[in-house]
Structure formats: structure tokens, C-alpha cells
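Contents: one structure, followed by commentary.
The values are calculated or read from the model by the stated rules, or taken from the named source; none is laboratory data. Nothing here was measured: the structure is a model prediction, and the numbers come from that model. Note: ideal-geometry Cβ built from the backbone for every residue, glycine included; neighbour counts use all protein chains shown. Quick note on the areas: whole protein, heavy atoms, side chains included, nothing else; ligands and nucleic acids left out. Shrake-Rupley method; radii C 1.70, N 1.55, O 1.52, S 1.80 Å.
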Amino acid sequence: MATSIMAPLLTPSSSANKHKSFVTSTRVVPVRAMKVEKPLEELYGVKVERKVAKERLSELGVSRWSVWKTGKCKLPWDWQVDQLVYIEEGEVRVVPEGSKRYMSFVAGDLVRYPKWFEADLFFNDFYQERYSFRAYGDD
């Protein structure tokens with residue numbers, strides 16, 4: 001798909017005086033397609049809800065989920081089943097296997113990691129989450 005931008009074009013006017021002046025007009029200039037990278041969440045099927053409301057957490061029963069915590073570390077991980085995670089404290093950087101880019105999730109985020117997803121998890125400080133393993137079709 002070709003993309004175009006409007007660019008100013010300066011052309012000499014046909015003025016009778018000895019001083020050259022320029023008239024500004026506009027022409028369409030094609031721009032080569034730039035490589036636009038999709039968000040990693042979209043590429044890997046990771047779903048995230050930011051700043052989740054208390055009502056949503058209550059609806060999901062998050063207070064009954066298991067708790068996991070850690071300090072500063074790097075953890076290679078692969079998900080054997082879908083996992084729903086609510087981050088209570090801290091931040092995690094998720095680097096999918098083979099990627100140089102990362103996703104960042106913070107306290108208040110609800111993240112669904114898909115089955116068979118593999119990534120390195122980086123924790124720079126104290127981190128705490130509640131998690132629930134999900135069966136196919138659970139939402």
C-alpha cells in the first residue's frame with residue numbers, strides 16, 4: 001500500500017520585476033512503506049488489561065488465586081497452559097524467546113499469557129502477583 005504526504009513545493013513566480021519571488025504550492029509526494037512493527041502482545045497472543053477496576057478483580061475471584069513473589073532476578077519461563085496474572089506490586093519485563101524487544105507489565109495490570117509461550121522474565125525489584133491457570137475457553 002503506497003503512502004503519500006503533502007509536501008510544500010517552491011516554484012519561481014512569473015513576476016515582471018527583476019527580483020525573483022517564489023510561489024508556494026502543494027504536491028503529493030509518495031513515501032516508501034516504512035516497516036511498522038506490531039506490538040509484541042499482538043504477535044505473541046499476550047492479552048493485557050491496564051489499571052483493572054476492583055469490580056473486575058472481584059468478578060474474576062482474584063483474591064482467591066495463588067500468590068507468587070520474587071526479588072530482583074532473571075527467570076526463563078515457558079507456559080504449559082494459559083495463565084492469568086494480576087500484578088499486585090512491582091514490574092516485570094517480558095522478553096519473548098528470540099526477540100530483542102520486550103513487554104512491560106506493572107502493578108494493576110491483568111495479563112493473560114498463552115499456552116506454549118516462552119520468554120525471559122526480568123524483575124528489577126520486589127514483585128508480587130496473583131495467578132490462575134486457565135483451561136481452554138475460560139475467560
Counting only residues in the range 95-107 that are in a strand (DSSP E or B) and within 11 Å of the chain's Cα centre (by Cα), the one farthest from Phe126 (Cα to Cα) is identified as Met103
Return the pairs, sorted by first residue and then second, in which the second residue is among the small types (Gly, Ala, Ser) and buried (at least 17 other Cβ atoms within 10 Å of the Cβ), the first residue lies in the range 112-126 and is at pLDDT 95 or above, the beta carbons are less than 9 Å apart, and the residues are 6+ apart or on different chains.
Tyr113/Ala119; Phe123/Gly90; Asn124/Gly90; Asp125/Gly90; Phe126/Gly90
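Is it true that Asp120 is open to solvent by 30 Å² or more (accessible area, probe 1.4 Å) and outside any strand (DSSP E or B)? So that I can check it myself, show each step before the final result.
Working: open to solvent by 30 Å² or more (accessible area, probe 1.4 Å): yes; outside any strand (DSSP E or B): no.
No, not satisfied.
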Taking the range 42-77 and keeping residues of a type outside the set (S, T, N, Q), part of a helix (DSSP H, G or I) and open to solvent by 40 Å² or more (accessible area, probe 1.4 Å) leaves Glu42, Leu43, Tyr44, Lys54, Glu55, Arg56, Glu59, Arg64
Looking only at the range 99-117, and only at residues there that are over 19 Å from Val62 (Cα atoms) and among the hydrophobic types (A, V, I, L, M, F, W, C), the one that is most open to solvent (accessible area, probe 1.4 Å)
Trp116
